[in-house]
Amino acid sequence: MTFFNDFTRESIATAVVFVIIIVLRILTTKLVRRYAKSSQTIERRTNLVIKYMHLFINILAIIALIIVWGVQTRDIFITLSSIATVVGVAMFAQWSILSNITSGIILFFSFPFKIGDTIRIHDKDFPIEAEIEDISAFHVYLSTKDGEKIIYPNNLLLQRGISIMGNHYEEKEFMD
């Protein structure tokens, strides 16, 4: 019982942080789902963005709890800078993974094309004209009219010029 007497403020602040976490997670989930529904985004992409948002909220909550429980701000900055340095060095070789994740989020919110669209990627070395089959966190899955399957990284989609051709791979019959 002395724990609650000694740490009443910290216990109440921790409870408030947990309530805020729950409310923020519910609100972000509803907002992202509403946005996805209005822009007709795929459920898998929506769940991926929600997962990223929840991770960000959890990181902020951990930082808030560290501050609430009295860890010195100087110690927090030293720890965070050390973690950032280690992650930065470890991820430097894997920058393309982070680039693809970021590009996937940008493609989700800007929504320049959708599954079923036929696009032309203007790459001087390897031009592609294909139909979009799926859009994931890291890659876009394409299918050419010859049946060739292509997995194209998201970050390259943002770096290359893209023409949206419409869906002209489907043979349509016209009747008089």
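The values are calculated or read from the model by the stated rules, or taken from the named source; none is laboratory data. On a predicted model such as this, the values are computed, not experimentally measured, just so you know. Positions of Cβ are backbone-derived with ideal geometry, glycine not excepted, and every protein chain shown enters the neighbour counts. All accessible areas refer to the heavy atoms of the entire protein, side chains included, with ligands and DNA or RNA removed. Shrake-Rupley method; radii C 1.70, N 1.55, O 1.52, S 1.80 Å.
Couple of notes before you dig in:
- Filter result (of a type in the set (Phe, Trp, Tyr) and open to solvent by 90 Å² or more (accessible area, probe 1.4 Å)) within region 51-65: Phe56
- For Ile164, the stated conditions hold: it is closer than 24 Å to Gln40 by Cα, in a strand (DSSP E or B) and either open to solvent by 70 Å² or more (accessible area, probe 1.4 Å) or basic (Lys, Arg) (or both).
- With respect to the conditions (1) surrounded by 16 or more Cβ atoms within 10 Å (Cβ to Cβ); (2) modelled with pLDDT of 85 or more, Leu158 lacks only one, and its number is (2).
- Under the condition of being of a type in the set (Ser, Thr, Tyr) and surrounded by 12 or more Cβ atoms within 10 Å (Cβ to Cβ), the residues counted in region 1-30 number 4.
- Just one of the listed residues (Arg45, Arg34) is in contact (Cβ under 8 Å) with a residue 40 or more places away in the chain and either open to solvent by less than 90 Å² (accessible area, probe 1.4 Å) or part of a helix (DSSP H, G or I) (or both), namely Arg45.
- Residues located in region 71-100, provided they are closer than 30 Å to Met165 by Cα and at pLDDT 75 or above: Ser99, Asn100
- For the condition among the β-branched types (Val, Ile, Thr) and surrounded by fewer than 16 Cβ atoms within 10 Å (Cβ to Cβ), Thr118 does not qualify.
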